Structure formats: structure tokens, C-alpha cells
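Here is the structure we will look at, set down as C-alpha cells.
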Amino acid sequence: MTPTFLRACALSELEEATPKRVELEGVPVALVRTEGEVFAVNDICSHANVSLSEGEVEDCQIECWLHGSSFDLRTGKPSSLPATRPVPVYPVKIEGDDVLVSVTQES
């Protein structure tokens, strides 16, 4: 199945290392611009039903503000407890100033 990419926001709306929450087809997505790339992960922490976009970003990791679990923005894998399950990661394309995300295909 070919992934369907939807416009999430303008690239100029993303501040370095500042997560932005968007919803695409009912899926909450945390967008993060860091280290010259844009990443998209599911916005809900796999440990507790908390929005990751309210957390801090450092070294290509997003931290859940509630319990301190960090997730790798490239893989979605947790790098610290209490989370043990990864969060879904979504493909991102940049076209001009548009950030496009496919929530139909998790990587």
C-alpha cells in the first residue's frame, strides 16, 4: 500500500527542538524539528496516556513530562524507564515549506 502523505504544518512553524502537536486523520502526532531533520511520532506516551509534545527534546529524544521516559525520535524506542514499549514513528517528507506526514504507514 502506498503511504498517503498529509500536510501537517508549514516548516517555518516548527521551532528547533520544540515539539508541535497536530492531528492527522484522528491520529495525534508530535512533530519535532531537530538536528536538521523533522521527525513525527505518535503524541501519546506508551507508558501513560500523556501528550509527548508537552515534553522536552534533547539529543534526538523526546521526554514525557509526567514520568520522565524518553523516546528516540528516529525509532520510537524508549531509552529510559518506566516506558518499555515504543511509540509509532511516521514517515515525513518536506516539500517547499510544507511538512507532510503519513499516518497510514508506521516505520
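Quick notes on this one:
- Among the trypsin sites (Lys or Arg not before Pro) in region 17-107, those placed in a DSSP loop whose Cβ has at most 14 other Cβ atoms within 10 Å are Arg74.
- Among the listed options (i) 2, 9, 11, 11, 9, 8, 7, 7, 8, 10, 11, 6, 2, 0; (ii) 2, 15, 26, 26, 18, 9, 3, 0; (iii) 2, 11, 17, 16, 14, 12, 9, 6, 4, 3, 2, 1, 1, 0, 0, 0, 0, the one matching P(r) over Cα pairs in 5 Å bins from 0, in percent as calculated from these coordinates is (ii).
- Sequence of Asp59, Asp98, Asp72, Asp43 from largest to smallest accessible area, 1.4 Å probe: Asp59, Asp98, Asp72, Asp43
- Note on Ser51/Glu95: beta-carbon distance plugged into 1/(1 + (r/R0)^6) with R0 of 41 Å gives a FRET efficiency of 0.95.
- Carbon and sulfur %, accessible surface of region 2-51 computed with the full protein complex present, 1.4 Å: 43 percent
- Listed values for region 22-28 are Karplus-derived 3J(HN,Hα) couplings in whole Hz (6.51 cos²θ - 1.76 cosθ + 1.60, θ = phi - 60°), namely 9, 10, 10, 6, x, 9, x, and x replaces Gly and Pro.
- Calculated accessible area for region 1-40 comes out at 56 Å² per residue, all protein chains present (probe 1.4 Å; ligands, DNA, RNA ignored).
- Relative to one another, the C-alpha centroids of region 22-67 and region 78-107 are positioned 8 Å apart.
- Inter-site label distance for Thr104 and Arg7 at 7 Å from Cα along Cβ, in nm: 1.8 nm
- Full extension of the chain segment joining Glu37 with Arg85 gains 14.9 nm, where the gain is 0.36 nm per residue of separation less the Cα-Cα distance.
The values are calculated or read from the model by the stated rules, or taken from the named source; none is laboratory data. Just so it is clear, the model here is predicted, and its values are computed rather than measured. Glycine gets a Cβ as well: all are built from the backbone with ideal geometry, and neighbour counts include every protein chain shown. To get the accessible areas, we keep the full protein, side chains included, count just its heavy atoms, and leave off ligands, DNA and RNA. Shrake-Rupley method; radii C 1.70, N 1.55, O 1.52, S 1.80 Å.
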